[in-house]
Structure formats: structure tokens, C-alpha cells
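This report refers to the structure that appears directly beneath it.
Laboratory data are not the source of any read-out in this text; all were calculated from the coordinates shown. Bear in mind that the values here come from a model prediction, so they are computed numbers and not experimental data. All Cβ positions, glycine included, derive from the backbone under ideal geometry; neighbour counts span all protein chains shown.
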Amino acid sequence: MSQTPENLLYTKEHEWVRVEGKTAQIGITDFAQSELGDIVFVELPEIGATITVGETFGTVESVKTVSDLYAPVSGKVIEVNAQLNDVPEKVNEQPYTDGWMIVVEMDSDPKNLLTASEYQVQISE
């Protein structure tokens, strides 16, 4: 069973969001990384880029496939996890801590995100 921390919000596309005031740290879920397999490359936006909820903001490449990353919130990218350039497997090893991807300064409150229990129901169907 994959981990689903209670203190995070989730998308149906398997991203997680840690909201702290007006910022949101974003990554992919434990379920998503396990489905993808060994991650070999992560493409993320530049600092200063604007992302829009529901649109792609990057890709994750694994030994099996390439998957788009979908923005769970809208706003400006203020931080990017540069470690993933050299060590993309951090997404597999620690998806909720060292495997985070970007931090966004949100331009509005997040909407339509799932709680941990709602996400667990979705991935168990």
C-alpha cells in the first residue's frame, strides 16, 4: 500500500501539494512513482515561470514511460529542486521529502484538491 500523508492535498493526476500560506510545494505521490518505476529524468520549469492549474508544468521520465506533470495550483515558480537534475531517483526514494519538484507562489487559494482519504479511495478503485 502506498503512503499518503494526511497533511498534504492531492490531485486525481497523482501530484501532491503542501500548502503553507501563499506557497505550495509540489511533487508526485508515492503511488505515482511506484507505477512509473525507476525515474531517470525530471524536466521542470524555470524559476519565475508561471504555471496554470490543470496544465502541464514538466515531465517525469522513467525506464517505462514519460509522464506529464499537471499543475495542481496556479502561480509563479519560486523554487525548483535542482537536486533532481543529478539524482532523479530521489523521486522514487523519498517522494514527499527530498523528491519534491517545485515551490509555487499561488495567485489564488487551491481548489478541487483531494484529502489523503479521498485520494486513497481513488487509487484503490
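The condition of being surrounded by 15 or more Cβ atoms within 10 Å (Cβ to Cβ) and either acidic (Asp, Glu) or farther than 18 Å from Gln25 by Cβ (or both) holds for only one of Glu55, Glu46, Glu35, that being Glu35.
Of the listed requirements (1) part of a strand (DSSP E or B); (2) out of contact with any Ser or Thr (no Cβ under 9 Å at 6 or more places or on another chain); (3) closer than 17 Å to Glu89 by Cα, Phe57 misses just one: (3).
Conditions tested, residue by residue: (1) under 13 Å from Pro110 (Cα atoms); (2) part of a strand (DSSP E or B); (3) under 14 Å from the mean Cα position of the chain (by Cα).
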residue	(1), (2), (3)
Thr4	no, no, yes
Trp16	yes, yes, yes
Leu69	no, yes, yes
Val73	yes, no, yes
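Results for (1) surrounded by fewer than 20 Cβ atoms within 10 Å (Cβ to Cβ); (2) farther than 22 Å from Pro5 by Cα, shown as yes or no for each residue.
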site: Glu61; (1), (2): yes, yes
site: Val73; (1), (2): no, no
site: Gln94; (1), (2): yes, no
site: Thr97; (1), (2): yes, no
